[in-house]
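Note sheet for the following structure.
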């Protein structure tokens, strides 16, 4: 029989240690010659990223030696930190950002040391005739970084030489099967890659140089994603020219749609190495796409699209396709991210590598309930609701659960229904959770994605509030005990909700933006003009920036806030959090501030992830008046007497 206990105080099998040390992050699956490769991010190894290989006989080994960390800082968000060409693997090393050739147990550096340590950064590797072609981000003292495509020999015998330059950003170099053509993407400030990119093609010389470059598709208002050559040499790509990211190909100089539909085959390019489709040996396309907030797997051929029915409705941004098999990161409401092998004909799957072993009974796992809710300005938005769930406990009949609102980052990102123990951490302790895909999120077409342009800090904020009020109105959460939490752009939304609205009783901000002007003036190149579309061009719209910045109205915050900050964060520098803490202190608002040395924009180390989650739980216990069942190191709360 379940024990009746206050919501929030339930003893849970989902521990903070399980969140941080019980698994690995998975990404960037690819295949070459029958071998399957992927990247594992390991919190127990201080967040080190490791390239892993699985051979056809099932043997799994680390490719990245212990002395290296396969991670690049191009665009700061990285991705595409390794490439495979036959027996050779190349990888960027996080510490010095140089490229290393990995062969057997040997690691040989093949790019020179730059003038500024870590100043030359490489990503998104392609191979051709003993050479690498990739993106390079060259940092210079006192100047903006310069991005280009460069080439250099695999044996390290020559300096990197520029292949393509002249745009602010590049990605996705792809060499045709015959080695005669190079395709790539380029775009310029102030656009982000989901706003407008250009697809280029050029003849490729034996020395890695190009000639006769031609723009094939894209422009200021068309986002191109993942150019790819078919085995027969036909160029394919994804474009949102119709308002939805759909598949296209170039035939005799003409662009043809493959299977138009109101679904998203592309993703916002926050990182490199993203692939949502690939080619079977017979030329058919295996692809993943998002429809109504859920992911699907399908095979496209002859103008038709056949859904592949397997027990997963979430797929990560990397699909590796062999002659007759597919490998990808998959998940569902009951399974976390897992690398699976798929037989698309038999619609059968086998697990290659789970991100973690779930040692929690389903009786303790809350299932997502998708819903659409009305916004206050007559539109609609989307979210997933998670009710409290714990087989051992039930809440008092006269009590509603505290409600935690999750605001994802990006803001051009999206949440999904995949099993996330970070959510289950809350629901298994008696919290209700709502995970919001506010307007501006990816997965619902370009119009929905663009709905946040000019309205950042407004529509994302009110959508999170309206989702919370909608659920509270249905009796699924306590309207007097609602908290909002988020990181990065989600942290900005959190601070806006706490500053400009009087709805939430608490907030948790992870490396969030408090000062829009400071972000516009002090951030990395990739996002340095992002706010042009989200708020307006700076300095022309300086007054809007001031009005949207929570730091300028911090005296309006009356509810308790806990803030978390990595001290090496170059996306949202620590000064943003420090300024907010100073304002909260001046106004005697109860707050806590936890910093993490050695962490950048996000927590990667196991001990830091654990500490942050336990601290947040302790904080909510103090604010909402319950005693957590967990044994937690207390958190120092300034002005705790005012709780």
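Results, tabulated for the structure shown:
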| quantity | calculated |
| --- | --- |
| Three-way shape call for the range 105-354 based on the alpha-carbon gyration tensor, with the a/c threshold at 1.5 | prolate |
| Exposure proxy order (Cβ contacts within 10 Å, fewest to most) of 295, 69, 379 | 379, 69, 295 |
| Principal-axis tilt of helix 574-586 within the chain, Cα atoms, nearest 10 degrees | 10 degrees |
| FRET efficiency, 1/(1 + (r/R0)^6) with R0 35 Å, evaluated for residue 141 and residue 17 via beta carbons | 0.25 |
| The range 78-225 shape via C-alpha gyration tensor axes, a/c threshold 1.5 | oblate |
| Sorted largest first, extent of the range 56-127 alpha carbons per principal axis (Å) | 43, 23, 22 |
| Distance between the range 145-208 and the range 1-57 - C-alpha centres, whole angstrom | 34 Å |
| Between the range 567-594 and the range 520-561, the alpha-carbon center distance in angstrom | 15 Å |
| Computed [θ] at 222 nm, deg cm²/dmol, the chain (DSSP H ≥ 4; -39,500 (n - 2.57); rounded to nearest 500) | -4000 deg cm²/dmol |
| Entry for Rg and Dmax of the Cα atoms in Å (calculated from the structure that is shown) out of (i) 30.1, 95; (ii) 29.8, 116; (iii) 24.3, 76 | (iii) |
| Cα gyration tensor, the range 237-282 - rounded (a/c under 1.5), prolate or oblate | oblate |
| Between 0 and 90°, nearest 10: helix 489-500 axis offset from the chain longest Cα axis | 30 degrees |
| Separation of the residue 46 and residue 4 label points, Cα + 7 Å toward Cβ, nm | 5.2 nm |
| Residue-span extension gain [residue 178 to residue 586] - 0.36 nm each, minus C-alpha spacing | 140.3 nm |
| Whole-angstrom Cα spans of the range 404-516 along principal axes, big to small | 36, 31, 28 |
| Label-point separation, residue 294 to residue 282 (7 Å along Cα→Cβ), nm | 2.8 nm |
| Residue order, fewest to most surrounding Cβ atoms within 10 angstrom, among 406, 544, 421 | 544, 421, 406 |
| Helix 459-473 axis, angle to the chain major axis (alpha carbon atoms, nearest 10°) | 50 degrees |
| Average Cα contact separation per residue, the chain, under 8 Å, 6 or more apart, as relative contact order % | 11 percent |
| At R0 = 41 Å, FRET efficiency that the Cβ-Cβ distance of residue 103 and residue 547 yields, to 0.05 | 0.15 |
| Inter-label distance for residue 155 and residue 376, nm, one decimal - labels placed 7 Å from Cα along Cα-to-Cβ | 6.8 nm |
| Exposure proxy ranking, count of Cβ atoms within 10 Å, fewest first, for 476, 143 | 143, 476 |
| Modelled label reach - residue 306, point 7 Å along Cα→Cβ, the range 338-359 residues with backbone N closer than 18 Å | 342-349 |
| The range 327-403 versus the range 215-268: alpha-carbon centroid distance in Å | 31 Å |
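Values in this text are rule-based calculations from the coordinates and carry no lab data. What you are looking at is a predicted structure, and each value in this text was computed from that prediction instead of being measured. When we count neighbours, we look across all protein chains shown, and the Cβ atoms used for this are built from the backbone with ideal geometry, even at glycine.
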